[in-house]
Number of protein chains: 2
Amino acid sequence: MTPRRGRLPAAERERRRRDILRAARELYVEHGYGATTMAMIARRAGASKETLYAWFGDKEGLTRELIEWGADESASAVAAALDQGDGDPVAALTAYADGLLTLLTGPPSVALNRAAMASPALARVLREAGRQRAGRLVSGYLGRLHRAGVIDAPDAEAAFGLLYGLVVQDTQIGVLLGAPAPSARDRAARARAAVERFMRLVAARPS
Amino acid sequence: MTPRRGRLPAAERERRRRDILRAARELYVEHGYGATTMAMIARRAGASKETLYAWFGDKEGLTRELIEWGADESASAVAAALDQGDGDPVAALTAYADGLLTLLTGPPSVALNRAAMASPALARVLREAGRQRAGRLVSGYLGRLHRAGVIDAPDAEAAFGLLYGLVVQDTQIGVLLGAPAPSARDRAARARAAVERFMRLVAARPS
DNA sequence: CATTATCCGTACTCTCGGGTACGCTGTCAA
DNA sequence: TTGACAGCGTACCCGAGAGTACGGATAATG
């Protein structure tokens, strides 16, 4: 509400940048990517269109930064979840699974995934910044479990795919297509069941 | 190439309708939904824009019919796959799994799923005509396996979700976001592994 | 305090695609 | 045979939104 005018110091400028991204994310959630105009974003952020174009290049550039910002947040969330449980892999994986479902079915993720479908460039960013980065974290964790003899999964990448499938099933694509998102209770139950099945499938063979 | 003019008899009219839908599908695959204009569709189908609007209402209506057409095809494919194997459930489910992967990662399905992301109405059609319909077929099949004592899966819906997750994992969303589609060999291997794991997880308990 | 780089607000241009109107032509039905 | 309809081609309208230009206001900076 404070009309900011004149040049901004670096710190303030960084905050304004986040304000703009936040405004864009809200509008994508409310109206969808296609129906959100640069004018709407500028209006909600209390900025001018010219500033948007000066800072982000164009609508795609702005959206790209939005995706990267979200990917940063989710990567930290994954790392944090895997640190839970005090070394108990089931607890850590369950925390990760729950977080994954919460993230993927959350409005911001849904809006950005839909947006990415409309632009190959954005899709690439989302895939690399989001999925692949988180995948590496989890694969690395599963690889360590394997080497520690906790599970029998020589191919950590494949094990990650298996876990992912058990957790997510068709939930994400369903929500992207308009199905209601699962409740917190549902997510927790799914996470537990998925990890239990995962452990059963990759149980370490007695040597 | 034959310039069709004058009123069309019913049979011919039906063929022209398919021609138009086929043209639209090709263009969606080549350029994406958003970048495909009604003029392009009319041009490729050798029809006039006015005819498109007269027959389909608007772009969304045309796309809706396209989705329903594809759903019809895929429902028959599912039914056919489940009939394979001469009563061997593993063979039938493997055929289904392979077909599912082939369908979901195929260019037409990818193009239509991306299109549906841009419109809640289209998303609803795709979800109901496609996913739910196929889901009912498979759930019904799994329910029969359960009642026959072949598997232990009292909740057929949940069992379908599990099978789906084991088969598809993150492949569909990945392809939608631009990852390369899996090869036929990869699909077959995935289908076999998924069904093998599925059977292990829902193995009938010895009573 | 003067200066200057920003930044807001607004108004503007331009392109593009959805949707419509219309005349011409060819084919089917009476 | 002949009307009348259906469908092609083309030209057109219009709204909308991306991106730009510019004047005026303002706060950091020296």
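The values are calculated or read from the model by the stated rules, or taken from the named source; none is laboratory data. Keep in mind that this is a model prediction, so the values were computed, not measured. Glycine also receives a Cβ, built like all others from the backbone with ideal geometry; neighbour counts cover every protein chain displayed. Heavy atoms of the whole protein, side chains included, go into the accessibility calculation; ligands, DNA and RNA do not. Shrake-Rupley method; radii C 1.70, N 1.55, O 1.52, S 1.80 Å.
Quick one: is A:Asp83 in contact (Cβ under 8 Å) with a residue 60 or more places away in the chain and either at positive phi or charged (D, E, K, R) (or both)? For A:Asp83, the condition - in contact (Cβ under 8 Å) with a residue 60 or more places away in the chain and either at positive phi or charged (D, E, K, R) (or both) - is not met.
Within the option set A:Asp72, A:Asp58, A:Asp19, A:Asp88, being out of contact with any strand residue (DSSP E or B) (no Cβ under 6 Å at 6 or more places or on another chain), acidic (Asp, Glu) and near DNA strand D (Cβ under 8 Å from one of its atoms) holds for one residue only, A:Asp58.
Among residues of the stretch A:28-56 that are touching a residue at least 60 places away in the same chain (Cβ under 8 Å), those with a beta-carbon under 7 Å from a residue that is surrounded by fewer than 15 Cβ atoms within 10 Å (Cβ to Cβ) at least six positions away or on a different chain give the pairs A:Val29/A:Pro107. Listed residues B:Thr63, B:Thr51; which is within 16 Å of DNA strand D (Cβ to nearest atom) and in a helix (DSSP H, G or I)? It is B:Thr51.
Evaluate the following for B:Ala11: is it open to solvent by 70 Å² or more (accessible area, probe 1.4 Å) and touching a residue at least 24 places away in the same chain (Cβ under 8 Å)? Spelling it out, it is not the case that B:Ala11 is open to solvent by 70 Å² or more (accessible area, probe 1.4 Å) and touching a residue at least 24 places away in the same chain (Cβ under 8 Å). The condition (being open to solvent by 40 Å² or more (accessible area, probe 1.4 Å) and either more than 10 Å from every other protein chain (Cβ to nearest Cβ) or not in a helix (DSSP H, G or I) (or both)) is satisfied by just one residue among B:Arg205, B:Arg190: B:Arg205. Answer yes or no: is there a residue in the stretch A:98-105 that is within 14 Å of chain B (Cβ to nearest Cβ), under 11 Å from the mean Cα position of the chain (by Cα) and of a type outside the set (A, V, I, L, M). Taking every residue of the stretch A:98-105 in turn, at least one turns out to be within 14 Å of chain B (Cβ to nearest Cβ), under 11 Å from the mean Cα position of the chain (by Cα) and of a type outside the set (A, V, I, L, M). Just checking, does the stretch B:7-19 include any residue being over 20 Å from B:Gly135 (Cα atoms) and either polar (S, T, N, Q) or modelled with pLDDT of 95 or more (or both)? Within the stretch B:7-19, none of the residues are over 20 Å from B:Gly135 (Cα atoms) and either polar (S, T, N, Q) or modelled with pLDDT of 95 or more (or both).
Inspection of the stretch B:132-142 finds a residue satisfying the criterion of being at pLDDT 95 or above, in contact with an Asp or Glu (Cβ under 7 Å, 6 or more places away or on another chain) and in a helix (DSSP H, G or I).
Taken together, the residues in the stretch B:97-128 that are polar (S, T, N, Q) and either at pLDDT below 95 or on the phi > 0 side of the Ramachandran plot (or both) amount to 1. Within the stretch B:136-152, residues that are open to solvent by less than 20 Å² (accessible area, probe 1.4 Å) sit with their Cβ atoms under 9 Å from residues that are among the hydroxyl-bearing types (Ser, Thr, Tyr), at 6+ positions apart or across chains, in these pairs: B:Val138/B:Tyr96; B:Val138/B:Tyr164.
Conditions (1) open to solvent by 20 Å² or more (accessible area, probe 1.4 Å); (2) within 23 Å of A:Gln172 (Cβ to Cβ); (3) more than 14 Å from chain B (Cβ to nearest Cβ), marked per residue:
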site	(1), (2), (3)
A:Arg22	yes, no, yes
A:Glu30	yes, yes, no
A:Gly34	yes, yes, no
A:Ala42	no, no, yes
A:Tyr53	yes, no, yes
A:Gly61	no, no, yes
A:Val78	no, yes, yes
A:Leu126	yes, yes, no
